[in-house]
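Notes follow once the structure below has been shown.
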Amino acid sequence: MVSETVIELSRSQFAINAVQHFLFVPLTVGLSFFLLVLETWGLAGGRGDYQTLCRFWGKLFALSFGLSLASSVAMLFQFGGNWSYFAHYAGDAFAGPVLVGVLAGLFTAANALGWMLYGWDRLGGFPHLLATLAVCLGCHLILFGFSVASGWMQYPVGAEFDVQALRMEMADWRAVLCNPVALAKFAHSLLSSYALAAGFVLAISAYYRLRSAGTGLSGPSYSIAVGLGLLAIVATLLLGDAGIYKQSSFQRGKLMAINGLPADDILAQNLQRIENGVRAYAMLQQLRDDNPQAQLWEEFGAAKADLGYGLLLKRWRDGVVDASPTQIEQAAQASLPPAAPLYWGHKAMIVFGVLALVTFLTAGFGVVTGSRQPWVLKSAMYALPATWLASVGGWFISEFGDQPWIVVDILPTWLAVSTLTTSDLVLGLAVYALAYSGLLALVILLAMQLIKQGAASAQEGGDA
């Protein structure tokens with residue numbers, strides 16, 4: 001049995017990486033779309049100031065992209081380092097979306113990024129727009145790859161369990177890429193990314209307006225952010241509940257926890273699935289001994305869907321087939337996700353989402369009426385964390401609600417870790433914490449410097 005300390009340290013290290021990932025990948029995706037909209041609007045309207053706007057927001061995008069790149073690559077390597085059994089057991093299906101989406105997206109966006117940032121004079125209007133489009137598509141591919149991989153872990157379709165290899169192997173590429181849970185997750189994540197980026201742009205533009213730094217930089221950005229943010233936040237709130245209920249057809253325990261409802265019927269069902277999983281595990285041992293009996297294969301085929309529930313017992317006993325009734329009861333209790341964090345996390349996500357909606361509505365009223373009331377601008381600034389916290393809350397519910405599974409109904413989290421020592425994990429956790437803290441501090445300092453420089457240049461340009 002794997003040490004509980006090793007399991008918790010592995011999860012903690014992954015959590016540090018995931019927090020950075022969920023902070024900056026959505027912002028990067030949203031800013032790439034904002035830049036595309038801004039540049040298209042400038043070219044179509046023949047505005048001469050759009051290049052200045054795109055250059056400024058492009059610098060902030062580059063900072064976010066750099067940290068997104070670091071967190072994405074680190075997360076991919078972490079699966080092979082801290083979660084090697086997961087990589088062995090489910091890597092065949094999990095790696096496909098990652099390779100197609102994440103790596104292809106990183107390659108596309110990184111190759112076009114230099115042209116987008118520094119190719120204004122060489123490329124000209126429309127060719128530069130194509131470079132921005134390539135960056136935007138690359139960022140969206142990254143999000144799609146992570147969404148499909150995460151969606152497969154929640155609803156593992158398109159893969160079959162191989163008895164001899166003891167792992168899930170790809171059986172249907174189309175089913176993996178068209179996974180309904182993954183597509184719902186991608187749509188929800190995409191909309192929340194747009195809302196997050198709009199809140200980011202709105203807050204900085206409001207900061208400029210409060211300090212009378214001129215509308216050359218803040219005016220158009222403020223108006224576009226309001227329109228994009230309103231559309232995105234309304235669509236996110238509407239789709240959010242639909243996404244939860246979509247997942248609930250496969251993960252009823254998560255839905256019950258979110259709504260604070262008792263899960264006695266699910267507990268009884270899982271208890272039966274664990275007992276059935278024990279029988280599947282026993283048959284698996286016979287099949288691996290090349291038992292050719294057709295009846296045994298047929299019985300295993302009927303029970304193998306519950307094999308993962310039998311593996312839940314390995315937290316308390318290596319020999320699944322001789323587990324005691326008490327241990328089976330323990331496994332059944334552990335098969336339900338922790339209720340309190342999901343219940344309050346969902347409530348917090350809704351509160352922050354509604355706060356972001358009110359902020360965009362208030363700012364939109366100011367745009368329509370031409371009002372620049374200081375309290376409206378201050379609310380846009382101070383509400384910046386709301387869209388971020390709502391986005392992180394959604395990811396928390398989605399990922400934490402899968403517990404105790406790393407692949408739902410297939411592989412428990414405590415079986416997926418690598419056989420590392422506690423000292424290895426403590427050292428790795430410290431390195432990750434220091435590295436990400438340093439990167440985050442550096443990015444914040446650089447962003448603040450860019451914002452101050454933008455305000456100064458806009459002040460010199462005067463009102464537009």
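Derivation of every value follows stated rules applied to the coordinates shown; laboratory data play no part. Treat the numbers as computed from the prediction; the structure is a model and nothing was measured. Note: ideal-geometry Cβ built from the backbone for every residue, glycine included; neighbour counts use all protein chains shown.
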Of 328-338, 370-380, ordering from highest average Cβ density within 10 Å down gives 328-338, 370-380
FRET efficiency (Val368, Ala110; Cβ distance; R0 56 Å; to 0.05) is 0.90
With the charge dipole of the chain built from beta-carbon charges (+1 for Lys and Arg, -1 for Asp and Glu) about the Cα centre, the Cα from Gln78, Val102, Gly370 projecting farthest to the positive end belongs to Gly370
With Rh as the Kirkwood radius over Cα pairs, segment 320-423 has Rg/Rh of 1.27
Dividing the mean separation of Cα pairs under 8 Å (6+ apart) by the residue count of the chain yields a relative contact order in percent of 23
When Phe186, Phe400 are arranged by how many other beta-carbons sit within 10 Å of their Cβ, fewest first, they go Phe400, Phe186
Long-range amide H partners of Arg167, meaning residues 5 or more apart or on another chain whose placed amide H is closer than 5 Å, are Asp162
In nanometres, the difference between 0.36 nm per residue of separation and the alpha-carbon distance of Leu287 and Thr326 is 11.2 nm
Trp297 and Leu210 label points (each 7 Å along its Cα→Cβ direction) are spaced in nm at 7.1
Phi-derived 3J(HN,Hα) across segment 98-111 with the Karplus relation (6.51, -1.76, 1.60, θ = phi - 60°), rounded Hz, x for Gly and Pro, is 5, 5, 5, x, 5, 5, 5, x, 4, 5, 5, 5, 5, 6
So Val163 and Ala447, fully extended at 0.36 nm per residue minus their Cα-Cα distance, gain in nm 97.0 nm
Within segment 167-236, DSSP-loop trypsin sites (Lys or Arg not before Pro) with at most 15 other C-beta atoms within 10 Å are Arg211
Reviewing [x] 1.09; [y] 1.03; [z] 0.96, the figure for Cα Rg over 2.2 N^0.38 Å actually calculated from this model sits under [x]
Amide H neighbours of Leu411 at under 5 Å, excluding residues fewer than 5 places away on the same chain, with H built from the backbone geometry, are Ile406
Here segment 256-273 yields Karplus 3J(HN,Hα) values (6.51, -1.76, 1.60; θ = phi - 60°; whole Hz; Gly and Pro given as x) of 5, 5, 4, 9, x, 9, x, 10, 5, 5, 5, 4, 5, 5, 5, 4, 5, 5
The helix 422-461 Cα axis meets the longest alpha-carbon principal axis of the chain at an angle in degrees, between 0 and 90 and rounded to 10, of 20
Output ordering of 435-441, 76-82 (per-residue mean of other Cβ within 10 Å, highest first) is 76-82, 435-441
Net charge near Ile410 (other residues with Cβ under 15 Å of its Cβ; Lys, Arg +1; Asp, Glu -1) is -3
Expressed in µm² per second, the diffusion coefficient of segment 98-175 from the Stokes-Einstein equation, with Rh the Kirkwood radius over alpha carbon pairs, at 10 °C and 1.306 mPa s, is 110
Proximal lysine pairs in the chain, meaning Cα under 18 Å and 8 or more positions apart or interchain, come to 7
